[in-house]
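Novice: Sharing a structure below in structure tokens format, with a few things to ask.
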Amino acid sequence: MNLLFALLSLTVSAHADQAGFLKDFNYQVTELKDMGQAQALENLMTTDTRQMSICANRAHLWANDLARLRNIQTGKVFIHFTAKGEANENGDWAYHVAPYVIVKGEEIVLDPGFGVFGGKPVKLSAWTKYFGKSENCVVLNPTENASHLVLEKNDIGSDDVTPLSSRYGTARQYPSTEGICYIRKTPMYYQFPVDVYGVDLLHSGKSEFSAYDMKAFDEDSVLMACKQATSISFKMKHDCASYLGIKKEKDKKKKR
């Protein structure tokens, strides 16, 4: 490990007054010294991904890689679209998500899946402007704003009642209640918007959602994310289970 990443691989402590501290999760996003360190991290994030891969799976694989390879606690930033702010011409995206870190007190998004950013880390404001058509998306704060918890019902499919009955990570488009886009910042362990809604329901006092209080990566979810997100050429070079250091399912069964 070189000096740069020795500096990055420090235990991150949570401080309420520190940039990148997520109060409702008691979670501290890693703060870097400069954009050079952020660029070094983004260079580690594979762009050998399928063109039609799901952003939540790419982000989950990337966040897991940075955590296991460099001991970096990224955050995840979810941007939820409305009819007024849409990332693509077809208007069929409900949300987008990518990992982020802190550089000199500022939120910096790592999203190499899009050539528009030139393979470089970008400020959160520039990222939201591209995807949500605004530099000032409404920041969701469901623990202190009950109306935001109601908005998060859009995190699950129309046929589901709660995250407990949801089988998919899809989400519906948000209504333009307060702005043309909404963002939610979470720890790196949360993969889909429905997972975030589940933990926010837990924080609101609904103990039946305790399984959504994520403190570590779920092995099966990361493996699934790798398999869905990566391209054939990646798989020719890496078996996802071996790449992630996960024993294959057939090996697990032998021990039972």
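The values are calculated or read from the model by the stated rules, or taken from the named source; none is laboratory data. The structure presented is a predicted model; accordingly, all values stated were derived computationally and were not measured. Note that each Cβ is placed from the backbone with ideal geometry, even for glycine, and that neighbours are counted across all protein chains shown.
Novice: What tally of residues in the range 1-53 results from selecting those that are assigned to a loop (DSSP other than H, G, I, E, B), modelled with pLDDT under 85 and not charged (D, E, K, R)? Give the steps one after another, and end with the answer.
Specialist: Initial filter on the range 1-53 (assigned to a loop (DSSP other than H, G, I, E, B)): 1-2, 9-20, 26, 29-30, 33-34, 45-48, 50-53.
Next, from what is left, pick out any that are modelled with pLDDT under 85: 1-2, 9-17.
With the extra rule that they be not charged (D, E, K, R), the set shrinks to 1-2, 9-16.
Result for the range 1-53: 10.
Novice: Restricting attention to the range 153-183, which residues are modelled with pLDDT of 85 or more and touching a helix residue (DSSP H, G or I) at 6+ places or on another chain (Cβ under 6 Å)?
Specialist: Asp155, Ile156, Pro163, Ser166, Tyr174, Cys181
Novice: Further, regarding this structure: Does Ser134 fit the bill of being more than 15 Å from the chain's Cα centre (by Cα), assigned to a loop (DSSP other than H, G, I, E, B), polar (S, T, N, Q) and buried (at least 16 other Cβ atoms within 10 Å of the Cβ)?
Specialist: Values: more than 15 Å from the chain's Cα centre (by Cα): yes; assigned to a loop (DSSP other than H, G, I, E, B): yes; polar (S, T, N, Q): yes; buried (at least 16 other Cβ atoms within 10 Å of the Cβ): yes.
It is true that Ser134 is more than 15 Å from the chain's Cα centre (by Cα), assigned to a loop (DSSP other than H, G, I, E, B), polar (S, T, N, Q) and buried (at least 16 other Cβ atoms within 10 Å of the Cβ).
Novice: Does Tyr189 meet the test of being assigned to a loop (DSSP other than H, G, I, E, B), modelled with pLDDT under 95, under 24 Å from Glu107 (Cβ atoms) and under 20 Å from the mean Cα position of the chain (by Cα)? Give the steps one after another, and end with the answer.
Specialist: Details: assigned to a loop (DSSP other than H, G, I, E, B): yes; modelled with pLDDT under 95: no; under 24 Å from Glu107 (Cβ atoms): yes; under 20 Å from the mean Cα position of the chain (by Cα): yes.
Criteria not met by Tyr189.
Novice: Right, another one. With respect to Tyr168, determine if the residue is at negative phi, assigned to a loop (DSSP other than H, G, I, E, B), hydroxyl-bearing (Ser, Thr, Tyr) and within 12 Å of the chain's Cα centre (by Cα).
Specialist: Judged against the criteria, Tyr168 is not a match.
Novice: Let me ask something else about it. Could you grab me the full set of residues in the range 111-131 that are touching an Asp or Glu at 6+ places or on another chain (Cβ under 9 Å) and buried (at least 16 other Cβ atoms within 10 Å of the Cβ)?
Specialist: If we filter the range 111-131 for residues that are touching an Asp or Glu at 6+ places or on another chain (Cβ under 9 Å), which is where we start, we get 111-112, 117, 119-129, 131.
Answer for the range 111-131, where residues must be touching an Asp or Glu at 6+ places or on another chain (Cβ under 9 Å) and buried (at least 16 other Cβ atoms within 10 Å of the Cβ): Asp111, Pro112, Phe117, Pro121, Val122, Lys123, Leu124, Trp127, Thr128, Lys129, Phe131.
Novice: Moving on. Considering Gly157, Gly169, which residue is surrounded by fewer than 23 Cβ atoms within 10 Å (Cβ to Cβ) and within 21 Å of Pro99 (Cβ to Cβ)?
Specialist: Gly169
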